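Quick notes on the structure that follows.
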Amino acid sequence: MGVLLNVILPVFLVIGFGYVAVWRKYFSDEGVDGLMKFTQNFAIPCLLYRAISTLDLSQNFDFALLGSFYTGAIAGFAIGMVGAKVIFKRDWEDAVAIGFIGLFSNSLLLGLPITERAYGAGALEANYTIIAVHSPICYFVGITAMEIARNRGGSFTSLPGKVLKAMFRNALILGISLGFIVNLGGIPVPGVITDAIDLMVRAALPAALFGLGGVLYRYRPEGDIKTILFIVCVSLVVHPTTVWLLGKWNGLSTDAFRSAILTSAMAPGINTYVFANMYGKAKRVAASAVLFGTALSILSVWLWLAILP
């Protein structure tokens, strides 16, 4: 019970404040849109840039960690996509969008603050290693699969250009890319710029959590309940269970293992709806899965924390 009260609930209370503020009309839909645009396009890319530009890549870029986490993520994508097609008889484009829900866990808005509250700021290095390639890998897999589904019977010569164009229009990927450029190039950054970026970083997570609550108010569940519960189960159970087995097999350190499990156990991220909306496919399933998954993860994360070493 102490873990629930001290680690998980403060994060979800901030989300709840945003939900209630929009529900009771103390905060407008336009305000939520502006807040999310600020966090997604500016503050969080600054956070990712800052973390990756200072990350010791030689020490922390653990391929066993990344292999364990992303094998689990891609397994979630495959199971979600095939399940949507075979069990729920969705077309291939819908199936890809539903599979993306099982692929893209909320590593930033939930994974970072919950790991930090559970194990301290020093435990976040493995989180940042996962996050450094999270958007690039997930969007690459999702966009490639969607473009293949949309291109059935057509030429594949234009496929690489479409994938790259879609990826590099994403602010998160730009922030990550700049962080790698500064880190690998050893580029000195003036202190005044670093201090300004740090001010943005301090606003990122609390503002994004509050905004997420406001966004979730819009995503009231509508139909497709069996499909929604199926993909939420894939996200909250199949992904972390796969990562647990692979993490043990790969002999991950305690810190890396904790970060991998907690990150994989997070609810589907808001980017799953962004992806569905981008292609106009399975938007209701994605929106409701974010809401259901976020609510259910209060319990599921508590259980994962209870069994972690």
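Find the centroid of the Cα atoms in region 178-248 and in region 80-126, then give the distance between the two in whole Å.
Taking the Cα centre of region 80-126 as reference, the centre of region 178-248 is 10 Å away.
From the convex hull of the Cα coordinates of region 80-189, what is the mean projected area in square nanometres?
Over every viewing direction, the Cα hull of region 80-189 projects on average to 9.4 nm².
When the helix-only estimate is applied to the chain (DSSP H runs of n ≥ 4, each -39,500 (n - 2.57), divided by the residue count), what is the mean residue ellipticity at 222 nm, nearest 500 deg cm²/dmol?
Taken over the chain, the calculation gives -23000 deg cm²/dmol.
Where does the charge balance sit around Asp91 when Lys and Arg score +1, Asp and Glu -1, over other residues with C-beta under 9 Å from its C-beta?
Every neighbour counted, the sum reads +2.
Among residues other than Leu110 whose Cβ falls under 14 Å from its Cβ, what is the net charge (Lys/Arg +1, Asp/Glu -1)?
Taking every Cβ under 14 Å from that of Leu110, the sum is 0.
Ordering Arg50, Arg218, Arg150 by accessible area with a probe of 1.4 Å, largest first, what comes out?
Arg150, Arg218, Arg50
Distance in nm between label sites at Leu164 and Asp91, each 7 Å beyond Cα in the beta-carbon direction?
3.0
Out of Glu116, Glu30, Glu93, any idea which swings most in a Gaussian network model of the chain, alpha carbons joined below 10 Å?
Fluctuation is largest for Glu30.
What whole-number value in Å² describes the accessible area per residue of region 37-163 for a 1.4 Å probe?
That works out to 38 Å² for each residue.
Between Trp23 and Ile181, what is the label-to-label distance in nm when each label sits 7 Å out along the Cα-to-Cβ direction?
Roughly 4.4 nm, to one decimal.
Obtain the nm distance between the two label points defined at Phe140 and Asp56 by a simple spin-label model: each point lies 7 Å from its Cα along the Cα-to-C-beta direction.
2.6
Roughly speaking, what % of Cα-Cα pairs in region 156-203 are separated by over 18 Å, rounded to a whole number?
The calculated P(r) of region 156-203 puts 50 percent of pairs beyond 18 Å.
Whose amide H sits under 5 Å from the amide H of Ser105, counting only residues 5 or more places off or on another chain, with H placed in the peptide plane?
Residues meeting the criterion, in which the H sits 1.01 Å from N, are Gly269.
Show me the helices of the chain, taken as full DSSP H stretches, that run 27 Å or more along their long axis by Cα and average 1.0 or above in Kyte-Doolittle hydropathy.
Passing helices, by number: 63-86, 191-218, 283-307.
Counting Lys and Arg as +1 and Asp and Glu as -1, what is the net charge of the other residues whose Cβ lies under 13 Å from the Cβ of Val163?
+3
Report Rg/Rh for region 165-291, rounded to two decimals, where Rg is the Cα radius of gyration and Rh the Kirkwood radius.
My calculation puts Rg/Rh at 1.04.
Compute the FRET efficiency between Val82 and Trp249 as 1/(1 + (r/R0)^6), taking r as their Cβ-Cβ distance and R0 = 22 Å, and round to the nearest 0.05.
The calculated FRET efficiency here is 0.40.
Using bins 5 angstrom wide from zero, how does P(r) for region 238-309 break down, in % of all Cα pairs?
Result, from short to long distances: 3, 17, 22, 19, 15, 12, 8, 4, 0 percent.
Out of the total accessible area of the chain (probe 1.4 Å, heavy atoms of protein only), what percent is carbon and sulfur?
65
If each residue of separation counts as 0.36 nm, what is the full-extension length gain between Lys226 and Asp195 once their alpha-carbon separation is subtracted?
6.3 nm
The values are calculated or read from the model by the stated rules, or taken from the named source; none is laboratory data. Bear in mind the structure is a predicted one, so any value in this text is a computation, not a measurement. Note that each Cβ is placed from the backbone with ideal geometry, even for glycine, and that neighbours are counted across all protein chains shown. Only protein heavy atoms, including side chains, enter the accessible area calculation; ligands, DNA and RNA are left aside. Shrake-Rupley method; radii C 1.70, N 1.55, O 1.52, S 1.80 Å.
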